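These notes are about the structure you will find just below.
The values are calculated or read from the model by the stated rules, or taken from the named source; none is laboratory data. Here the structure is a predicted model, which means the values were calculated and not measured. All accessible areas refer to the heavy atoms of the entire protein, side chains included, with ligands and DNA or RNA removed. Shrake-Rupley method; radii C 1.70, N 1.55, O 1.52, S 1.80 Å.
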Amino acid sequence: MVSRSSESRTGSGSSSIDAVSLAIIEQLQEDGRRPYAAIGKAVGLSEAAVRQRVQKLLDQGVMQIVAVTDPLTVGFRRQAMVGINVEGDLDPVADALAAMQEVEYVVLTAGSFDLLAEIVCEDDDHLLDVINRRIRTLPGVRSTESFVYLKLKKQTYMWGTR
């Protein structure tokens, strides 16, 4: 899987992405193991030029190439989104959440919650422990609201190039 970093999506990054780099990203989003020679053929570059561009995109933090697992197949049967309201500075709470192994991502938001955190756990007891003993006890956390996933209907990483 290839994902574009939040810095690049918001336009605040220092790099500008041209059409060829976007085409390379799109090729890797379709198949993160696609050979550079095949990508080069699709985008009109040599294998070496694709390799250099991919390395530059990785070095700039524009994208990552990672393996994406299905949590259910690797023993994590419970997922939830947790909305969190914070008193004071959001950054220390966001940093503490980001450091938790069970937290997949953390978003600072505008709206009903100050932060949203996606959590992947082995089971309900594990989720309860993370929320009750680890998140709710963080300094500054005022309240939480949990949205337990019953069934995942769509998950895609193809955004950003189309």
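Each listed q (0.12, 0.16, 0.20 Å⁻¹) maps to a log10 I(q)/I(0) for the chain from the Debye sum over equal C-alpha point scatterers, namely -0.67, -0.98, -1.20. Largest first, the extents of the alpha carbon coordinates of the stretch 98-139 on the three principal axes equal 30, 20, 18 Å. Heavy atoms of the protein chains alone define the surface here; on that basis the stretch 32-97 has 59 Å² accessible area per residue at 1.4 Å probe size. Over the chain, Cα pairs under 8 Å with separation of 6+ residues give a relative contact order of 26 percent.
In whole Å, how far is the Cα centre of the stretch 20-75 from that of the stretch 101-162? Taking the Cα centre of the stretch 101-162 as reference, the centre of the stretch 20-75 is 28 Å away. Of the solvent-accessible surface of the chain, computed with a 1.4 Å probe over protein heavy atoms with every protein chain present, carbon and sulfur atoms account for 49 percent.
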